[in-house]
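S.K.: For reference, the structure I am asking about is given below.
The values are calculated or read from the model by the stated rules, or taken from the named source; none is laboratory data. These numbers come from a predicted model, not from an experiment. FYI the Cβ positions are ideal-geometry reconstructions off the backbone, even for glycines, and counts take in every protein chain you see.
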Amino acid sequence: MIEPVRIVEVGPRDGLQNISQPISSTEKKKYIDMLTEAGCPEIEVTSFVSPKWVPQLADAKEVSASIQRNNDTTYTALIPNRKGLEAAIENGYYSVAIFTAASETFSKNNTNSSIEENFKRFEEMIPIWEEKNLRVRAYISTCWVCPYEGDIGAEAVIKVIQDLIDLGVHEISLGDTIGKATPDDVEYLLEIILDNWPREIFALHMHDTYNMAAENLTIGLGMGIRILDSSAGGVGGCPFAPGASGNISTESAIRICKEQGFETGIDSDKLRLAGAYIQSIIQE
Ligand code: HMG
Ligand code: MG
């Protein structure tokens, strides 16, 4: 039997947030609708963060209202705090993604707050997401290397994972924010993580700055990871992580899954069209 792998399409959020050229809400809607049409099981549509911090996604409300939603796709919004959570709920999301980091300096640069303060914001949100029965995904940035602090020890990542599990999140995405993790680094950390927690709750979120993301995903698949984040067209990066380039492309993630004997359920021809469309819009 061919084993399934779930690809989480993060292009509309992670891919676009770092682009300074204005991209219209209509163009974003078209990109997202093409991703839905390609059969993506999950699409991270946008983020409800401070528009001063991420101006590109200031139209989160308009984009969320305009997209075609399909019952077979989970639509997720990235949120940093209660204000973001309330906006996500108002705009029709049943799935949200929170984010923190394994590096204090990255956390400060990305959210103007420490990791502990991130968790205080998360704790405030628990009664709301429990009452609304939301699905909560959580990102841990800089699991391997931080743009400010360099190498990050496994203990820091382990602590954040345990705290997120105690918080009751449903899925944890391990971020290689600036694409500097080597295959050996990925294997080392995953061995520790998978000795302690079930593999089903973990995703790999690899930026492809140094062309190591494909090999790193292959290592993850070999070790039992079955959720991969990627971005159609391979666009993007994080504005608060100097040197971060785009996520591994969904085109590559699908190819890797196929080569390793896994099924993603995504129509690769239609997905390629979505990637080509957004690449044709972005001039940077
Ligand atoms: P702050 O300035 O410390 O927050 O920012 P504040 O609470 O003092 O609020 C400042 C202003 O922002 C206020 O407005 C708030 O109302 C507003 P003002 O009174 O000045 O007009 N505000 C909001 N507006 C809309 N939606 C909200 C919201 N919250 C406050 N939710 C804050 C703290 C966390 C808000 C800010 O730092 C922020 O928005 N950061 C977002 C950073 C971000 O989006 N980074 C990229 C995503 S993470 C990433 O890319 C990594 C990932 O891909 C994994 C990986 O690759 O590693 C996930
Ligand atoms: Mg990212």
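S.K.: Got a number for residues in segment 147-189 being over 17 Å from the mean Cα position of the chain (by Cα) and small (Gly, Ala, Ser)?
M.R.: Matching residues across segment 147-189 total 5.
S.K.: Do we have Ala203 as free of Cβ contacts under 8 Å to residues at least 60 places away in the same chain, surrounded by 14 or more Cβ atoms within 10 Å (Cβ to Cβ) and within 16 Å of ligand 1 (Cβ to nearest atom) here?
M.R.: So Ala203 does not fit the description; no.
S.K.: Looking only at segment 41-52, which residues are within 15 Å of ligand 2 (Cβ to nearest atom) and either without any contact (Cβ under 8 Å) to a residue 12 or more places away in the chain or of a type in the set (Gly, Ala, Ser) (or both)?
M.R.: Matches in segment 41-52: Ser47 only.
S.K.: May I ask you to list the residues in segment 13-45 that are touching a helix residue (DSSP H, G or I) at 6+ places or on another chain (Cβ under 7 Å), surrounded by fewer than 20 Cβ atoms within 10 Å (Cβ to Cβ) and hydroxyl-bearing (Ser, Thr, Tyr)?
M.R.: Across segment 13-45, the qualifying residue is only Ser25.
S.K.: While we're looking at this one, here's another question. Going by the conditions given, is Glu104 charged (D, E, K, R) and surrounded by 15 or more Cβ atoms within 10 Å (Cβ to Cβ)?
M.R.: Taking the combined requirement at face value, the residue satisfies it.
S.K.: Residues that are surrounded by fewer than 19 Cβ atoms within 10 Å (Cβ to Cβ) and in contact with a His (Cβ under 7 Å, 6 or more places away or on another chain): does segment 158-169 have at least one?
M.R.: No, segment 158-169 contains no residue that is surrounded by fewer than 19 Cβ atoms within 10 Å (Cβ to Cβ) and in contact with a His (Cβ under 7 Å, 6 or more places away or on another chain).
S.K.: Name the helices (runs of 4 or more DSSP H) wholly inside segment 7-121 in which the number of residues that are among the hydrophobic types (A, V, I, L, M, F, W, C) is 2 or more.
M.R.: Correct list: 25-37, 60-66, 82-90.
S.K.: Out of Asn112, Asn118, Asn81, which single residue is over 20 Å from Pro41 (Cα atoms), modelled with pLDDT of 95 or more and in contact with a Pro (Cβ under 9 Å, 6 or more places away or on another chain)?
M.R.: It is Asn118.
S.K.: Would you call Ala244 in a loop (DSSP other than H, G, I, E, B), buried (at least 22 other Cβ atoms within 10 Å of the Cβ), under 19 Å from the mean Cα position of the chain (by Cα) and of a type in the set (A, V, I, L, M)?
M.R.: Yes, satisfied.
S.K.: Continuing with the same structure: Among the residues of segment 249-262 satisfying the criterion of being over 20 Å from Ser47 (Cβ atoms) and within 16 Å of ligand 2 (Cβ to nearest atom), which is surrounded by the most Cβ atoms within 10 Å (Cβ to Cβ)?
M.R.: Here the residue is Ala253.
S.K.: Do we find that Tyr139 is hydroxyl-bearing (Ser, Thr, Tyr), within 24 Å of Phe262 (Cβ to Cβ) and modelled with pLDDT of 95 or more in this structure?
M.R.: So Tyr139 fits the description; yes.
S.K.: If you scan segment 122-159, which residues turn out to be in a loop (DSSP other than H, G, I, E, B) and of a type outside the set (Lys, Arg)?
M.R.: The answer is Asn133, Leu134, Thr142, Cys143, Trp144, Pro147, Tyr148, Glu149, Ile152, Gly153.
S.K.: Oh, and also: Between Asp59, Asp33, Asp72, Asp14, which is near ligand 1 (Cβ under 9 Å from one of its atoms) and not hydrophobic (A, V, I, L, M, F, W, C)?
M.R.: Exactly one residue qualifies, and that residue is Asp14.
S.K.: Within segment 69-85, which residues are among the polar types (S, T, N, Q) and without any contact (Cβ under 8 Å) to a residue 60 or more places away in the chain?
M.R.: Residues satisfying the conditions are Asn70, Asn71, Thr73, Asn81.
S.K.: Among the numbered criteria (1) within 16 Å of ligand 2 (Cβ to nearest atom); (2) part of a helix (DSSP H, G or I); (3) of a type in the set (Gly, Ala, Ser), which one does Gly275 miss?
M.R.: Condition (1) is where Gly275 drops out.
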